[in-house]
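Comments concern the structure below.
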Amino acid sequence: MTRDADSRDELPDWAGAKEFYQKYDPKEIIEVTPERLSPEQLREVRLSTAKEMEILHRVSHHPYIITLIDSYESNTFIFLVFDLMKRGELFDYLTEKVTLSEKETRFIMRSLLEAVSYLHNNNIVHRDLKPENILMDDCLNIKLSDFGFSCVLNPPDKLRELCGTPGYLAPEILKCSMDETHSGYGREVDLWACGVIMFTLLAGSPPFWHRRQMLMLRMIMDGRFQFTSPEWDDRSATSKDLISRLLEVCPAKRLTAEQALQHAFFQSHQREQGITVRPRQRFRVAALAALACVRILIRWRQARPVTSLLLAHDPYGVKGVRKLIDACAFRIYGHWVKKGERQNRAALFQNQPKALLLTFGEDDEREGEL
């Protein structure tokens, strides 16, 4: 599908459009008409698009980064042609599934962290990692996309611009925007966003959210999040540990992409070749398996039977029913939180039991102390 360099030269509007539409079925087009944009805005759009294309040409050969296949430019439009990812956004897949298993999360996060590691090794910071910018094919392989906020950052240089999506902003970005003496931020912001994404995949909602944005920003800057019940009751300790190390407020203590890939969450499920299992290890595995069976039997006997009375009194306490309820809610109301600058999956979780509403009310009364 790659075209000659001549096809990327500026074409007359009608000729460029005709050639483009003969080959492709467009989804989104960047419009640069003088009627819609001022001269300064036109220059800014062209410069930012050129910068994004330059970065994409440098990194798009990576298996987990979207490929810029072709481009056309006319006086009124800029056409960018990327890989066809038929499954769409990870955001939509998560809305459909509500939460992902640790196996699916491990597969997605390993690919994402490998892409981030490659970017950082090439001194590129993405700055807008989120499920909407992660695309999937029919086999659920992912590719990282949307490099509009990306930039080249050579150490020890720092950045100061406030950009990105609110729920995924690292604490140092917010502190930098509020303090002129702040030293700035670096590539570590991408790892914070990876932590937010991983939390969201496993829990169904993000770690930092409040209907009052000022309180949400305070939660981010303090690194205040919880592995609450029942969403996290059956999640592994290694998954929680990795998230906690990615959502580390201090950038210097936060894991790098390479360190995250070496975490036990990934290592414990890698097949090692050429390793002989000794008899002592086999006995230990058998003993642990027997112990697990005993614990399963005990928990099964202690489990509450799912009766009509239980479903009427506490349907959200049953995991299968809880997931069904959430799935129905996302299918009906998901479009409310999909678009706009303040979109957030957690908006669908704001109607909580009365005890939690009282807690929110107490926080609201203290908001004036910020």
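The values are calculated or read from the model by the stated rules, or taken from the named source; none is laboratory data. On a predicted model such as this, the values are computed, not experimentally measured, just so you know. Ideal geometry is used to build each Cβ from the backbone, glycine not excepted, and the neighbour counts take in all protein chains shown. Surface areas here come from the heavy atoms of the whole protein model, side chains and all, with no ligands, DNA or RNA. Shrake-Rupley method; radii C 1.70, N 1.55, O 1.52, S 1.80 Å.
General observations
- Conditions (1) in contact with a Cys (Cβ under 7 Å, 6 or more places away or on another chain); (2) open to solvent by less than 30 Å² (accessible area, probe 1.4 Å); number of the one not met by R127: (2)
- Only residues that are in contact with a His (Cβ under 6 Å, 6 or more places away or on another chain) and either within 20 Å of M221 (Cβ to Cβ) or not hydroxyl-bearing (S, T, Y) (or both) were counted in region 120-172, giving 0.
- Selection count, region 286-311, where residues are assigned to a helix (DSSP H, G or I), at pLDDT below 75 and either open to solvent by less than 90 Å² (accessible area, probe 1.4 Å) or of a type outside the set (F, W, Y) (or both): 5
So that you can scan it fast, the table gives a plain yes or no per residue for (1) in contact with a Phe, Trp or Tyr (Cβ under 6 Å, 6 or more places away or on another chain); (2) open to solvent by less than 30 Å² (accessible area, probe 1.4 Å); (3) part of a helix (DSSP H, G or I):
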| residue | (1), (2), (3) |
| --- | --- |
| Q41 | no, no, yes |
| T49 | no, yes, yes |
| R58 | no, no, yes |
| H61 | no, no, no |
| L84 | no, no, no |
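- Unique match (being free of Cβ contacts under 8 Å to residues at least 40 places away in the same chain and surrounded by 13 or more Cβ atoms within 10 Å (Cβ to Cβ)) among M219, M198, M178: M219
- Per-region count, region 159-183, residues at pLDDT 95 or above and either small (G, A, S) or touching a Ser or Thr at 6+ places or on another chain (Cβ under 6 Å) (or both): 1
- When G148 is tested against the conditions (1) closer than 18 Å to L90 by Cβ; (2) out of contact with any Asp or Glu (no Cβ under 6 Å at 6 or more places or on another chain); (3) in contact (Cβ under 8 Å) with a residue 60 or more places away in the chain; (4) part of a loop (DSSP other than H, G, I, E, B), the lone failure is (2).
- Test: residue in region 69-82 that is in contact with an Asp or Glu (Cβ under 6 Å, 6 or more places away or on another chain), over 18 Å from G148 (Cα atoms) and open to solvent by 20 Å² or more (accessible area, probe 1.4 Å): yes
- Scan of region 317-337 for residues that are open to solvent by 90 Å² or more (accessible area, probe 1.4 Å) and either assigned to a loop (DSSP other than H, G, I, E, B) or at pLDDT 65 or above (or both), ordered by number: K319, L324, R331, I332
- Tally, over region 118-171, of residues that are among the small types (G, A, S), within 24 Å of D83 (Cα to Cα) and under 15 Å from the mean Cα position of the chain (by Cα): 2
- Taking region 91-104 as the range and being buried (at least 18 other Cβ atoms within 10 Å of the Cβ), touching a residue at least 60 places away in the same chain (Cβ under 8 Å) and either touching a strand residue (DSSP E or B) at 6+ places or on another chain (Cβ under 7 Å) or farther than 22 Å from S117 by Cβ (or both) as the test, the residues that pass are F91, L94, T95, V98, T99.
- Top-ranked residue of region 236-256 - restricted to ones that are in a loop (DSSP other than H, G, I, E, B) and under 15 Å from Q226 (Cα atoms), ranked as least open to solvent (accessible area, probe 1.4 Å): L247
- Flag for F208 being surrounded by 20 or more Cβ atoms within 10 Å (Cβ to Cβ) and assigned to a loop (DSSP other than H, G, I, E, B): yes
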